[in-house]
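Asker: Below: one structure in structure tokens.
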Amino acid sequence: MIQGGEPFFMNSGGSSGVLLIHGFTGLPAELFLFGQSLNRAGFNVLCPRLAGHGTNERDLMRTTRDDWFNSILDGFFILRGVCDKIFVVGHSMGGLLTLKLSTERDVAKIVTLAAPIFIDDGLGLKNLPPREFCSDACIVQPRKKIPNVPQAANEVYKKTPLISVHELVDLIDDVKKILPHVTAPILIMHGEDDHTAQPRSARFIMDNVGSRKKFLTTVPDSGHLLPLDENREFVFEEVTNFLRS
């Protein structure tokens, strides 16, 4: 396991818990600062490691979207053992898994951060080869080092297995179909300058979820990594206020 790949739990001694879910090819360390903020606000916080993440690209190749979902189910049941009320907050693909989890388990409120219903054209998804030609293929997608964050948050995969991209695309299709069945109160947040998940993804979620209480917040001058970028304190505050309200 690479540094930052391990799950983390922060105990507040309270009765409410937040299940944090990291994104595709990411790791729990990306949400560590967010977890600390929520924990200071009085929440127990658990961030599990998604199957195939936080180790190496070969492990990711061997997992499916069902494996990723089962990882957060495990986290949900662990948190339920110590909390009376559970909130779920997911970043990027973690937002998709959050939406899916809310249709299958009893959660109090949910938050999606930069959930990708529509992938930016610049990532070349239209050139993705058919699944049968992707079993061992990877693409190199280096990410710039982010300053002023825990070093472990920069230890994400530098290569992305194409077979795993197919799983992500299939997960997006699955979630689009179940959006009308999402009924938990929801806060949808998205950066105006997101060049990974198109910002119109947020509006699509807003327009299609079945939740009666739903809120959309656009974060100016922010990209895809909302829990890490310069405006993260605004994101942390908005989410905390929503969960407390």
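Asker: Which of 100/214; 100/177; 176/214; 100/213; 85/109; 85/176 have a Cα-Cα distance over 19 Å?
Answerer: 85/176
Asker: Pull out a ≥ b ≥ c, the square roots of the eigenvalues of the alpha-carbon gyration tensor of the stretch 115-245, then state rounded if a/c is under 1.5, prolate if not and a/b is larger than b/c, and oblate in the remaining case.
Answerer: oblate
Asker: What's the local net charge at residue 142, with K and R +1, D and E -1, over the other residues with C-beta under 14 Å away?
Answerer: Charge balance in the 14 Å sphere: +3.
Asker: Here is a further query. Which distance in Å, rounded to a whole number, links the C-alpha centroids of the stretch 197-245 and the stretch 47-73?
Answerer: 24
Asker: Okay, next question. Provide, as a two-decimal number, the C-alpha radius of gyration of the stretch 11-74 over 2.2 N^0.38 Å, N being how many residues it has.
Answerer: Computed over Cα atoms of the stretch 11-74, the ratio equals 1.22.
Asker: Please work out how much accessible surface residue 200 shows to a 1.4 Å probe, ignoring ligands, DNA and RNA, in Å² rounded to 10.
Answerer: We get 130 Å² for residue 200.
Asker: From the C-alpha coordinates alone, can you work out the Kirkwood hydrodynamic radius of the stretch 66-121, in Å?
Answerer: 11.7
Asker: Calculate how many DSSP beta bridges within the chain are antiparallel, expressed in % of all such bridges and rounded to the nearest 5.
Answerer: If we restrict to bridges inside the chain, about 25 percent are antiparallel.
Asker: Moving on to the next point. Label the stretch 169-245 by shape, choosing from rounded, prolate and oblate, from the square roots a ≥ b ≥ c of the eigenvalues of the Cα gyration tensor; if a/c is under 1.5 it is rounded, and otherwise prolate applies when a/b is larger than b/c, oblate when it is not.
Answerer: Taking the square roots of the gyration eigenvalues as a ≥ b ≥ c, the stretch 169-245 is oblate.
Asker: Let me know the Kirkwood hydrodynamic radius for the chain, please, with Cα pairs as the basis and the value in Å to one decimal.
Answerer: 17.8
Asker: Keeping all protein chains in place, calculate the accessible area per residue for the stretch 1-99 (probe 1.4 angstrom), answer in Å².
Answerer: Normalised by residue count, the accessible surface of the stretch 1-99 is 35 Å².
Asker: Between the stretch 147-196 and the stretch 114-139, how many Å separate their Cα centres?
Answerer: Spelled out, the Cα-based centre of one part sits 13 Å from the other.
Asker: Further question: Lysines near residue 144 by alpha-carbon distance under 21 Å, same-chain residues fewer than 8 away left out - which ones?
Answerer: In chain and number order, the partners are 158, 159.
Asker: What longest range of the chain stays clear of loop-exposed GluC sites (Glu not before Pro) (DSSP non-H/G/I/E/B, at most 16 other C-beta within 10 angstrom)?
Answerer: Value returned for the longest uninterrupted segment is 1-103.
Asker: Taking the Cβ of residue 151 as the centre, find all other residues whose Cβ is under 13 Å away and add up their charges (Lys, Arg: +1; Asp, Glu: -1).
Answerer: Neighbourhood net charge equals -1.
Asker: Of the beta bridges DSSP finds with both residues in the stretch 106-245, what % are antiparallel, to the nearest 5?
Answerer: Antiparallel bridges make up about 30 percent of those DSSP assigns within the stretch 106-245.
The values are calculated or read from the model by the stated rules, or taken from the named source; none is laboratory data. Please read these numbers as outputs of a predicted model, since none were measured by experiment. Here the Cβ is made from the backbone with ideal geometry for all residues, glycine too, and neighbour counts use every protein chain on show. Only protein heavy atoms, including side chains, enter the accessible area calculation; ligands, DNA and RNA are left aside. Shrake-Rupley method; radii C 1.70, N 1.55, O 1.52, S 1.80 Å.
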